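Bear in mind these aren't lab numbers, they're just calculated from the coordinates by the rules spelled out. Predicted, not measured: the structure shown is a model, and the values here were computed from it. Reconstructed Cβ throughout: ideal geometry from the backbone, glycine too, with neighbour counts over all protein chains shown.
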Amino acid sequence: MAIRKLRLNDDEILRKKARPVEHVDDRIREILRDMAETMYAAGNGVGLAANQVGLLKRLVTIDMGDHLYQMVNPEIVSAEGEQLCLEGCLSFPGKWGNVQRPWKVTVRALDENGQPFEVTGEGDLAKCLCHEIDHLDGIVFVDKVTEFVQVEE
Ligand code: NI
């Protein structure tokens, strides 16, 4: 395993669309493990998309504190409600802002063995799923912020 270098701020890879993964193989599993390790090493990170470590592959890791989700080709298949979320991002250190998101989403993905699964998240998990899947489409939270907020870190 290895900690990978985080891409920051104006790095153009953050604005590019990631490509679907065709085969979930050892190489993909290694990237997912590295992404999780990089996310944990960053301390305050709850999610990471592959763009953020310089790879245009549709891979996401999320851990809100109770479960590590490793997602290949995640897609939002349903969304309902709305919430105003306070968000930050490991790629935009020191920036925080409010973003409008759905309250609840269901996401379909493949796991690290290539098996399909679904996760339904509400509140913070829904926020995180939407934020990370946006990354795969080259969309970063600062594009969606309705108001930047000062947060003590
Ligand atoms: Ni982010």
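Under the classification rounded if a/c is under 1.5, otherwise prolate if a/b is larger than b/c and oblate if not, where does the range 77-153 fall, given a ≥ b ≥ c as square roots of the Cα gyration tensor eigenvalues? Spell out each step's value before the answer.
Details: a/c = 2.39, a/b = 1.65, b/c = 1.45.
Prolate, because a/c is 1.5 or more and a/b exceeds b/c.
Kindly give the semi-axes, whole Å and largest first, of the ellipsoid equivalent to the chain, taking each as the square root of 5 times a Cα gyration tensor eigenvalue. Provide the component values of the computation, followed by the final result.
On the way: eigenvalues 100, 68, 38 Å².
They are 22, 18, 14 Å, listed from largest to smallest.
Residue-wise HN-Hα couplings along the range 24-31, as the Karplus relation 6.51 cos²θ - 1.76 cosθ + 1.60 with θ = phi - 60° gives them from phi, are 8, 10, 4, 4, 5, 4, 5, 4 Hz; Gly and Pro carry x.
Ignoring lysines fewer than eight residues from LYS144 along the same chain, the ones with Cα atoms less than 19 angstrom from its Cα are LYS16, LYS17, LYS95, LYS104, LYS127. Footprinting exposure proxy ranking of VAL119, VAL151, VAL105, fewest other C-beta atoms within 10 angstrom first, gives VAL151, VAL119, VAL105.
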